[in-house]
1. Could you check the range 146-164 and list, in sequence order, the residues that are buried (at least 17 other Cβ atoms within 10 Å of the Cβ) and among the small types (Gly, Ala, Ser)?
2. Which residue pairs have Cβ atoms closer than 8 Å, lie 6 or more positions apart in sequence or on different chains, and pair a first residue in the range 19-48 that is without any contact (Cβ under 8 Å) to a residue 60 or more places away in the chain with a second residue that is of a type in the set (S, T, N, Q) and exposed (fewer than 10 other Cβ atoms within 10 Å of the Cβ)?
3. Tell me which residues, restricted to the range 134-145, are aliphatic (A, V, I, L, M) and either open to solvent by 100 Å² or more (accessible area, probe 1.4 Å) or in contact (Cβ under 8 Å) with a residue 24 or more places away in the chain (or both).
4. Give me a count of the residues in the range 93-145 that are assigned to a helix (DSSP H, G or I) and modelled with pLDDT under 90.
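The values are calculated or read from the model by the stated rules, or taken from the named source; none is laboratory data. Given the structure is predicted, the values throughout are model-derived calculations rather than measurements. As a convention, Cβ positions derive from the backbone with ideal geometry for all residues, glycine included, and neighbour counts pool all protein chains shown. For accessibility, only protein heavy atoms count, side chains too; no ligands or nucleic acids. Shrake-Rupley method; radii C 1.70, N 1.55, O 1.52, S 1.80 Å.
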Amino acid sequence: MKKILVVIALSSSVLFACNNKAKEEAALKQQQAEKQLAIKAIKDSLRLDSFKKAEVAKVEQEKEAKHQAELAAARRASSSRSYASSGGGSTGAYGGAQPTAKKKGWSDAAKGAVIGGAAGAVGGALIDKKKGRGAIIGGLVGAGGGYLIGRGEDRKSGRVQPKN
């Protein structure tokens, strides 16, 4: 009877041991399947990111090409504008007026008024016996003359439209 109990105990322990191995193998297979799914998801997201990067790069390339085309058109317009100003006309190749880019900074008229005003004030103060009155009159006359000379330069450079 003891032998039968020992055989049953050993067989049950072997069955339990085999059953645990089967469970462990099933759990291991489940983990591997989950890892494969995670790897696949990461690869898919990377693939989508690369498509997005390619689209962004394409958009940037198109913007750069458009910018280069605008620069080339501006260069052509400036060269035709200089040709037109030396040739006596202000029309382009298509018969329309060339659009002028708005220039930044002080105009020649403003610079001329300031320089003329300062020079006139100094000159007026030196010439007139009453220094204040001479400086004011000289400054006004100098500023007016400097403005007129600068305005003429602005017309030549194309900053201001010429008189009709």
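1. Listed by number, the residues that qualify are Gly146, Gly150, Gly158.
2. none
3. Of everything in the range 134-145, those that are aliphatic (A, V, I, L, M) and either open to solvent by 100 Å² or more (accessible area, probe 1.4 Å) or in contact (Cβ under 8 Å) with a residue 24 or more places away in the chain (or both) turn out to be Ile136, Leu140, Val141, Ala143.
4. Initial filter on the range 93-145 (assigned to a helix (DSSP H, G or I)): 108-127, 131-145.
Adding the requirement that they be modelled with pLDDT under 90 leaves 131.
Total meeting the criteria: 1.
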